[in-house]
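The values are calculated or read from the model by the stated rules, or taken from the named source; none is laboratory data. This one's a predicted model, so the numbers in the text were calculated from it and none came from an experiment. Every residue, glycine among them, receives a Cβ derived from its backbone with ideal geometry; neighbour counts consider all protein chains shown.
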Amino acid sequence: MAWDIDRVMNELFNRVNENYLKQSTQQGIDTKLWLGVPISELRLLAKAIQLDHLMGWSLWEMKIYECKVLSSMLMDPILIADEDADYIVSGIDSWQMSEQFCANLFRVCPNASSWAISWSDKKRLNTRITGYQLIIAICTSNIVQPNNLYRSMMLAIRNTIVGDARPGIQPLAIQALTAISKKNLETKNFVTEVCVHLEKSGDRIAVAVANTVEMNMK
């Protein structure tokens, strides 16, 4: 039986878990556009549907959170152009959605690194969060990147973290810089230089990031 949008929606509604939705809400997550389908169930559904780029776009255009996350599992990363990625990231409205798109789609796209650097420089909160999360996804994968690319990603964080006290930014900057430092000795030296720069800035957030990253590197 072929998959169409009605069948997908029926499957989503059949997989709703009220306890999961309740727990997510209790954690402070804005779930007003959530159905309450666990990520594990979305992965099973995506495996059943298999790669379907057009279906992915159809689901992305829907307002429901699970539809958007499922779309990240169905889109073909090879077909995501720069303008497609920018369009998607402009509609990402939560840490959770950002994390899923970075893990499921963006990190395996050919232009992932350039997007990570570009989005980290954007002022919009969820775009910057996605940029930082994508840096983390790239740097924690088994695919080795050139050191100059790690340096560019590190500089993107250094140039944007000072003065940015918005929720989520500080822990992601720490994770990203720590991940870069662990790639090899040269990237560790890069990050050490950045920590010194951040400490000299005198900015409360930047200094806190530097201090934590330095502890993580010991």
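Tabulated data
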{"item": "Filter result for the condition that a residue is among the hydroxyl-bearing types (Ser, Thr, Tyr) and modelled with pLDDT under 95, over 113, 141", "result": "141"}
{"item": "Residue 203 surrounded by fewer than 22 Cβ atoms within 10 Å (Cβ to Cβ) and either closer than 17 Å to residue 133 by Cβ or in contact with a strand residue (DSSP E or B) (Cβ under 9 Å, 6 or more places away or on another chain) (or both)", "result": "no"}
{"item": "Tally, over region 192-217, of residues that are in contact (Cβ under 8 Å) with a residue 40 or more places away in the chain and farther than 13 Å from residue 158 by Cβ", "result": "1"}
{"item": "Tally, over region 114-137, of residues that are free of Cβ contacts under 8 Å to residues at least 24 places away in the same chain and within 9 Å of the chain's Cα centre (by Cα)", "result": "0"}
{"item": "Matching entry among 70, 51, 59 (being part of a helix (DSSP H, G or I) and over 18 Å from the mean Cα position of the chain (by Cα))", "result": "59"}
{"item": "Conditions (1) loosely packed, with under 14 Cβ neighbours inside 10 Å; (2) out of contact with any helix residue (DSSP H, G or I) (no Cβ under 7 Å at 6 or more places or on another chain); number of the one not met by residue 166", "result": "(2)"}
{"item": "Tally of residues being closer than 13 Å to residue 136 by Cβ and exposed (fewer than 14 other Cβ atoms within 10 Å of the Cβ) across region 183-200", "result": "0"}
{"item": "Count of residues meeting criterion [of a type in the set (Gly, Ala, Ser), in a helix (DSSP H, G or I) and out of contact with any Phe, Trp or Tyr (no Cβ under 6 Å at 6 or more places or on another chain)] in region 80-90", "result": "1"}
{"item": "Residue match in region 8-18 (condition: out of contact with any His (no Cβ under 7 Å at 6 or more places or on another chain) and either among the small types (Gly, Ala, Ser) or closer than 30 Å to residue 122 by Cβ (or both))", "result": "no"}
{"item": "Of all residues in region 91-106 being outside any helix (DSSP H, G or I) and hydrophobic (A, V, I, L, M, F, W, C), the one that is surrounded by the fewest Cβ atoms within 10 Å (Cβ to Cβ)", "result": "105"}
{"item": "First in region 158-182 and within 14 Å of residue 123 (Cβ to Cβ), second anywhere and crowded, with 18+ Cβ neighbours inside 10 Å and among the aliphatic types (A, V, I, L, M), Cβ under 6 Å, 6 or more apart", "result": "161/173; 161/206; 161/209; 162/206; 165/205"}
{"item": "Residues being surrounded by fewer than 20 Cβ atoms within 10 Å (Cβ to Cβ) and closer than 10 Å to residue 160 by Cβ - total across region 114-130", "result": "3"}
{"item": "Subset of region 107-116 [over 9 Å from residue 134 (Cα atoms) and in a helix (DSSP H, G or I)]", "result": "108, 114"}
{"item": "Which listed residue is outside any helix (DSSP H, G or I) and touching an Asp or Glu at 6+ places or on another chain (Cβ under 7 Å), from 35, 45", "result": "35"}
